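K.L.:
Sending over a structure as structure tokens; questions will come in a sec.
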Amino acid sequence: YYTAPSGIGRAIEALPEGKRRVGVIGLGTGTLAAYGKPGDVFRFYDINPIVIDVAKREFTYLSDSQAKVETVLGDARLQLEREPPQKFDVLAIDAFSSDAIPVHLMTLEAMDVYLRHLAPAGVIVFHTTNRYLSLGPVVKRIAQERGLFTSIVRDDGDAPLGASSDWVLVSRSKAALERAPIKEGAVDVEMADTTPLWTDDFNNLLRVLKKDD
């Protein structure tokens, strides 16, 4: 999911090394910390203390990173609502690959929270890879409501180690999505006129189920 040609890889590598401030919702094993260089800051949010413990004890992505690495325990949206603006250059939302997705991280109100923590030319990157749900159009519909620019990077992965992934990129700045290497791998997000706007009061998973081929 996190190879250089992926959406998140391109978003991070579009920025000058040593000056990047990256937020990540969803720690996992901390793989993205491998992109960190001296002077960078990578701040990970995860709701599960066991995940943080395992990432630190069983894996070395966090300890080997050349960046300053911070971990925050708790529901990411609630933590961000409490924190002062973090001014992230990249904010990755990586919590939607399982069968049960945290819908409250993909609503209009959640987008407003993310925007408060984004640098002026920053990019929010949603990991929308999911076997059953078509989430890219949902992100675009929310972004459209706030007058934001979007694109999607679909990466086939670097076999045999890589995995195919979809990442939707969102920014206030059209120019931010046209930086290399983002531009080379990005296309428009397709969205039907009937795509619903997800809010804290409304979402509809049935309407975004993928159809069988």
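K.L.:
If you take the residues in segment 19-60 that are free of Cβ contacts under 8 Å to residues at least 60 places away in the same chain and touching an Asp or Glu at 6+ places or on another chain (Cβ under 6 Å), which one is surrounded by the fewest Cβ atoms within 10 Å (Cβ to Cβ)?
P.N.:
37
K.L.:
Here's something else I'd like to know. Can you pull out the residues in segment 139-150 that are in contact with a strand residue (DSSP E or B) (Cβ under 7 Å, 6 or more places away or on another chain) and open to solvent by less than 10 Å² (accessible area, probe 1.4 Å)?
P.N.:
If the condition is that a residue be in contact with a strand residue (DSSP E or B) (Cβ under 7 Å, 6 or more places away or on another chain) and open to solvent by less than 10 Å² (accessible area, probe 1.4 Å), then 139, 143 are the ones that fit.
K.L.:
Same structure again: Which one of the conditions (1) among the aliphatic types (A, V, I, L, M); (2) modelled with pLDDT of 95 or more; (3) in contact with a helix residue (DSSP H, G or I) (Cβ under 8 Å, 6 or more places away or on another chain); (4) part of a loop (DSSP other than H, G, I, E, B) does residue 180 fail to meet, given that it meets all the rest?
P.N.:
So the condition that residue 180 fails would be (3).
K.L.:
Answer yes or no: is there a residue in segment 63-76 that is surrounded by fewer than 17 Cβ atoms within 10 Å (Cβ to Cβ) and of a type in the set (Lys, Arg).
P.N.:
Checked against the condition, which is being surrounded by fewer than 17 Cβ atoms within 10 Å (Cβ to Cβ) and of a type in the set (Lys, Arg), segment 63-76 yields at least one hit.
K.L.:
Within the group 39, 23, 9, which residue is of a type outside the set (A, V, I, L, M, F, W, C) and assigned to a helix (DSSP H, G or I)?
P.N.:
Just one listed residue meets the conditions, 9.
K.L.:
Moving to a separate point now. Which of the following residues is exposed (fewer than 13 other Cβ atoms within 10 Å of the Cβ) and closer than 20 Å to residue 81 by Cβ: 99, 156, 200, 188?
P.N.:
Just one listed residue meets the conditions, 200.
K.L.:
Still on this structure: Say whether the condition of being in a loop (DSSP other than H, G, I, E, B) and within 21 Å of residue 10 (Cβ to Cβ) is met by at least one residue in segment 68-84.
P.N.:
There is no residue in segment 68-84 that is in a loop (DSSP other than H, G, I, E, B) and within 21 Å of residue 10 (Cβ to Cβ).
K.L.:
Select from segment 114-138 the residues that are modelled with pLDDT of 95 or more, farther than 15 Å from residue 154 by Cα, in contact with a strand residue (DSSP E or B) (Cβ under 7 Å, 6 or more places away or on another chain) and not aliphatic (A, V, I, L, M) and list them in ascending order.
P.N.:
Listed by number, the residues that qualify are 114, 117, 122.
K.L.:
Just wondering, is there one or more residues in segment 16-36 that are on the phi < 0 side of the Ramachandran plot and modelled with pLDDT under 95?
P.N.:
Checked against the condition, which is being on the phi < 0 side of the Ramachandran plot and modelled with pLDDT under 95, segment 16-36 yields at least one hit.
K.L.:
Which residues, counting only those in segment 68-112, are more than 24 Å from residue 144 (Cβ to Cβ) and among the acidic types (Asp, Glu)?
P.N.:
Passing the criteria: 70, 75, 83, 99.
The values are calculated or read from the model by the stated rules, or taken from the named source; none is laboratory data. Since we're looking at a predicted model, the values are computed, not measured. Positions of Cβ are backbone-derived with ideal geometry, glycine not excepted, and every protein chain shown enters the neighbour counts. When the accessible area is computed, the model is the full protein with side chains, heavy atoms only, and any ligands, DNA or RNA have been set aside. Shrake-Rupley method; radii C 1.70, N 1.55, O 1.52, S 1.80 Å.
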